[in-house]
1. Can you give me the span-like helices of the chain, meaning DSSP H runs with 18 Å or more of Cα extent along the axis and Kyte-Doolittle mean at or above 0.0?
2. Please give the peptides 75-88, 42-55 ranked by average Cβ packing (other Cβ atoms within 10 Å per residue), highest first, as a rough proxy for protection.
3. Given C-alpha coordinates of segment 186-296, what is the ratio Rg to Rh with the Kirkwood estimate of Rh?
4. Enumerate the calculated ³J(HN,Hα) couplings along segment 55-63 in order (Karplus 6.51 cos²θ - 1.76 cosθ + 1.60, θ = phi - 60°), each rounded to whole Hz, writing x wherever the residue is Gly or Pro.
5. Any idea what the dipole of segment 224-296 comes to, in debye rounded to 20, about its Cα centre with Lys/Arg Cβ at +1 and Asp/Glu Cβ at -1?
6. For the chain, what is the Kirkwood hydrodynamic radius in Å, using each pair of distinct C-alpha atoms?
7. How much mean residue ellipticity at 222 nm does the chain get from its helices, if each DSSP H run of length 4 or more adds -39500 (n - 2.57) and you divide by all residues, to the nearest 500 deg cm²/dmol?
8. Give the residue from Ala187, Phe161, Ser218 lying farthest towards the positive end of the charge dipole for segment 133-224; charges sit on Cβ (+1 for Lys and Arg, -1 for Asp and Glu) and the dipole is referred to the Cα centre.
Amino acid sequence: MRRILSGLGLAAVLALGAAYVITRPQSSDPATLAGLTGDPVQGEMVFWAGGCASCHAAPGAEGEARLVLAGGLRLSTAFGTFIVPNISPHTAQGIGAWTVENLDTAMRHGTSPQGRHYYPSFPYTSYAHATAQDVADLHAFLMTLPASDRASEPHEIRFPFNQRLLLGGWKLLNSGAGWVVTGDLTAEETRGRYLVEGLGHCSECHTPRDALGGRNLSRWLAGGPNPEGQGNIPNITPAHLTWTASEIAEYLKSGFTPDYDSAGGSMAAVVTNLSHLPDSDRQAIAAYLARVPPLR
């Protein structure tokens, strides 16, 4: 019996060790960033495509104030309340001391400079598609923005979801899925896929989630309950979104629908972001959406 118990104990230790190795926080390979020089002009386009101001600007900020990324927005979910951090270039309270590698590791792997898992309220499962050059450009632009000394607040997450160690298992289940829409895409559709599935992280709201908060990829962009618990997010697959490509592109620029309605709620902020992009990017998004499998 003693041998059996010892064997079981050893097996448990080995299993825990293996689980830790598999789910430990990951970092970017410095070789992928070697020699890159960030361009803040291009980085501004990445900034708007990625919707950084929508979450990280102070609640209610408008105009130039949206470039002060002091954080503070409270995101209420079934798991608790996530409080968006300060990502201004303040060296103590923000990310002013971050390197390009730090930003790349955060965006691609959801890992902090201290080697801790980030919660997926930061949409790193989408940002993982970002190119190394775009991350370098974004870093260069972020460092030109005003610094804020607002201290980031801890999240208000209930047990057991407040145990960050568990996030390694969540990442194992929900990361590394690759592109959802595949096949013989045109250059325009490929650009649209990059913006929708990657930087724009549209699926974070428009795709329903399972009980653990992972996206249900079989219902890609088919809409569902608002992750923040208020109302529903619409289906934007061709089964429901029947606007023409030009109508979609115009909506993403002006916020006006073909029926002379206008974007509201969080979508109004998305339109504000996308209005900074060139017309070709909004047209690429419309072209991509036409290739998404229709789901009712």
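1. 2-23
2. Details: 75-88: 19.1, 42-55: 20.9.
Listed from highest to lowest mean packing, they are 42-55, 75-88.
3. Details: Rg = 13.3 Å, Rh = 14.1 Å.
My calculation puts Rg/Rh at 0.94.
4. Rounded to whole hertz, the list is 9, 8, 6, 4, x, x, 5, 9, x.
5. Using Cβ point charges on Lys, Arg, Asp and Glu, segment 224-296 gives about 220 debye.
6. 20.4
7. -11000 deg cm²/dmol
8. Phe161
Only the coordinates and a few stated rules stand behind these numbers; no lab work does. Model, not experiment: these values are computed from the prediction. Cβ atoms come from the backbone with ideal geometry, glycine included; neighbour counts cover every protein chain shown.
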